[in-house]
Structures are given as C-alpha cells and as structure tokens.
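Structure first, then comments.
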Amino acid sequence: MSIKKGDQVVVLAGKDKGKKGKVVLVDSENGQVIVEGVNIVIKHKKARSAQQKSSREKKPHFIHISNVQVLCKCGKRTRVAHQVVDGKKVRTCAKCNEVLDKKYVKAAKKAEKTEDKSEDTETKKDKAPLKRREVKSTADVKVKAPVSASKQMNLPRKVGGS
C-alpha cells in the first residue's frame, strides 16, 4: 500500500472530488481508506421507544484507494516512489524526491539534533570547570588504580587465637 494512516491526500473522483484531508483508517484487504471530512454519509436512527429520540448520525465512509492521491510537501499531488535512503526503504515523492514517511523524517531530525548537541557538549566540557561529582569520580579512578605486584607489601598474618 502506498498510502498510510496520517497521510494528506486529495480525492480524485466522486462527489467530493478535489477535497483534501488526512487519512484516518486504511483497509488494506479491500483497498479502501477513510479520509477525514470526505465522503460523509448520514445514518438515520429510529427511536425504539417513546423515551428515545430519532437522530441522524454523520460519519465518514470508505473511498477506494485508487480515487485518492498523496499530497507532497511541495503542494502537488503525486505518485509514491520507493527508494533506499540510509539503508532504509522509504516512500518518496515521485516529482521532488521528498521523503513522505513521517517516522523516518522524525528520526533523521532527532539524529541531527543529537549530533549537534554532542559537538556542543564537547566544546563546553573543555571550557567549563569540573563539577563536584565529576571531580570526585576522577579522584576515585586515580585511587582505585591497580598497584603493581613488586610494590605490594607482604605483611605476615597473625597466627593464633589470643
């Protein structure tokens, strides 16, 4: 399936032709999608007793997947192409090669931020004085350094009970 939940799509055919919306649900077995605010159907509910009221429920209905097309960030509707980027297969815009998978884009931005932060923290650590915990941990490392065997003193053990 080239369309996933959360994609912005345009309706190509039917009574709502030209409308844009977000995909709410994808039925891959039947090749249908539910788009927010598109193909609204009215369901009449009859009152079953004197205390109940009759009502009309408006709810979105399925549209065949061939009648919708993905909207790219460039503002154009487009077919979906598949490419391998950084070792991962992602969905891309066939017109501008923009990545359409939101999870991949989010992970890429997060990775860029962590790289930037690591570079910034390295420069800050060089300039900033050590904090109390850091000084203590570095002192512990120096104290716990292993002593060579030749420098160890062999003290006699105390023998006897009294």
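Would you tally the residues in the range 33-43 being buried (at least 17 other Cβ atoms within 10 Å of the Cβ) and among the hydrophobic types (A, V, I, L, M, F, W, C)? Quick ask: steps written out before the conclusion?
The first filter runs over the range 33-43 and keeps only residues buried (at least 17 other Cβ atoms within 10 Å of the Cβ), leaving 33-35, 38-39.
Still in the list and also among the hydrophobic types (A, V, I, L, M, F, W, C): 33-35, 38.
Of the residues in that region, 4 qualify.
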(request) Can you run down the residue pairs with Cβ atoms below 6 Å, 6 or more apart or on separate chains, where the first is in the range 87-110 and touching a residue at least 60 places away in the same chain (Cβ under 8 Å) and the partner is small (Gly, Ala, Ser) and part of a helix (DSSP H, G or I)? (result) none
(request) Could you list all residues from the range 87-107 that are among the β-branched types (Val, Ile, Thr), over 9 Å from the mean Cα position of the chain (by Cα) and either farther than 17 Å from residue 9 by Cα or part of a loop (DSSP other than H, G, I, E, B) (or both)? (result) 90
(request) Return yes or no: is residue 102 basic (Lys, Arg) and either surrounded by fewer than 10 Cβ atoms within 10 Å (Cβ to Cβ) or more than 22 Å from residue 23 (Cα to Cα) (or both)? (result) no
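Condition check ((1) among the β-branched types (Val, Ile, Thr); (2) exposed (fewer than 14 other Cβ atoms within 10 Å of the Cβ); (3) within 27 Å of residue 104 (Cβ to Cβ)) across all residues:
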position	(1), (2), (3)
10	yes, no, yes
13	no, yes, no
20	no, no, yes
31	no, yes, yes
45	no, yes, no
58	no, yes, no
82	no, yes, yes
(message) Could you list, ordered by first residue, the pairs with Cβ atoms under 6 Å in which the first is in the range 5-30 and more than 15 Å from residue 71 (Cβ to Cβ) and the second is of a type in the set (Lys, Arg), at least 6 apart or interchain?
(response) 26/5
(message) If I ask for residues that are assigned to a loop (DSSP other than H, G, I, E, B) and either among the β-branched types (Val, Ile, Thr) or surrounded by fewer than 16 Cβ atoms within 10 Å (Cβ to Cβ) (or both), which ones from the range 67-80 would you list?
(response) 73, 74, 75, 76, 79
(message) Given (1) in contact (Cβ under 8 Å) with a residue 24 or more places away in the chain; (2) surrounded by 16 or more Cβ atoms within 10 Å (Cβ to Cβ), identify the lone condition not met by residue 64.
(response) (2)
(message) Looking only at residues that are in a strand (DSSP E or B) and not aliphatic (A, V, I, L, M) in the range 13-28, which one is nearest to residue 100 (Cα to Cα)?
(response) 22
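Each value in this text was obtained by applying a stated rule to the coordinates, not by laboratory testing. In this text the structure is predicted, and so the values were computed from the model without any measurement. Every residue, glycine among them, receives a Cβ derived from its backbone with ideal geometry; neighbour counts consider all protein chains shown.
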